[in-house]
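The values are calculated or read from the model by the stated rules, or taken from the named source; none is laboratory data. Not measured: the values here are computed from a predicted model. Please note: Cβ atoms are built from the backbone with ideal geometry, for glycine as well, and neighbour counts cover all protein chains shown.
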Amino acid sequence: MNTGPFIIERTFNAPIARVWKAITEYNEMKQWYFDLPGFNPEVGYEFHFEGGPDDRKYLHLCKVTEVITGKKLTYSWRYDGYPGISFVTFELFDEGDKTRLKLTHDGLEMFPATNPDFAKENFAEGWTHIVGTSLKGFVENN
C-alpha cells in the first residue's frame, strides 16, 4: 500500500492573482475543474460535485478548512457512502510574472483499499491532468 500524500507542482506563465482567482471563483473553477453548484473560499463553506468513471459516479463532499488569501486553500474531500476523509491543499508561490502551484492530496490511504477507483494512481492521473493540463491551459490562455 502506497501511503503518504500525492503531491504535484507546476509553474504557470500567469501572475499569482490570476491563478488564485482561477482556484477560488466559482465561474472560473467550473471551466477547468468540476461542475460545482457553487464555491466560496471561506472556512466552513461546504460544496459537492460528482466525478469518477462514466459508468459510476461518486458524490464528492467537501468543506473548506483553511484559506490564506492569495497563498493557500485547503478543503476536505470525502465520498458519500464511503468511509475515509482526505484533504486537498493548493499552495501558490509568486515567481515574478509566473506562479508555482503545489497541490497536496493527503489522506488517500483512508479510503477503502478494496475499491480500485480509490487507488492512489487514479488520483495521480486525475490531478496531473487537472493541474498540468486543464488549469495550466485556463490560466495561461484566458
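Here Y33 clears all of (1) of a type in the set (S, T, Y); (2) under 23 Å from F111 (Cβ atoms); (3) more than 14 Å from the chain's Cα centre (by Cα) except the condition numbered (3). Of all the listed residues (E125, E109, E140), the sole one being charged (D, E, K, R), farther than 20 Å from K63 by Cα, surrounded by fewer than 16 Cβ atoms within 10 Å (Cβ to Cβ) and in contact (Cβ under 8 Å) with a residue 60 or more places away in the chain is E140.
Taking the conditions (1) modelled with pLDDT of 95 or more; (2) part of a helix (DSSP H, G or I) in turn, N122 satisfies each one other than (1). Residues of segment 62-82 that are closer than 15 Å to L101 by Cα and among the charged types (D, E, K, R): K71, K72.
Can you confirm whether segment 22-29 contains a residue that is buried (at least 17 other Cβ atoms within 10 Å of the Cβ), touching a helix residue (DSSP H, G or I) at 6+ places or on another chain (Cβ under 7 Å) and small (G, A, S)? Yes, because at least one residue in segment 22-29 is buried (at least 17 other Cβ atoms within 10 Å of the Cβ), touching a helix residue (DSSP H, G or I) at 6+ places or on another chain (Cβ under 7 Å) and small (G, A, S). Among residues of segment 11-21 being surrounded by fewer than 17 Cβ atoms within 10 Å (Cβ to Cβ) and touching a strand residue (DSSP E or B) at 6+ places or on another chain (Cβ under 7 Å), the one that is farthest from E121 (Cα to Cα) is P15. S134 meets all of the listed conditions (1) closer than 27 Å to N13 by Cα; (2) assigned to a loop (DSSP other than H, G, I, E, B); (3) not hydrophobic (A, V, I, L, M, F, W, C) but one, namely (2).
Looking at segment 110-142, which of its residues are closer than 13 Å to I7 by Cα and of a type in the set (D, E, K, R)? Within segment 110-142, K120, E121, E125 qualify. Among residues that are charged (D, E, K, R), farther than 24 Å from Q31 by Cβ, over 13 Å from the mean Cα position of the chain (by Cα) and in a helix (DSSP H, G or I), E140 is not included. Screening segment 1-70 for strands (runs of 3 or more DSSP E) wholly inside it with 3 or more residues that are aliphatic (A, V, I, L, M) returns the ranges 58-68. Just so you know, in segment 75-86 the residues that are buried (at least 19 other Cβ atoms within 10 Å of the Cβ) and not charged (D, E, K, R) include one that is farthest from I16 (Cα to Cα), and it is Y79. Within segment 83-119, being of a type in the set (S, T, Y) and at pLDDT 95 or above holds for S86, T89, T99, T104.
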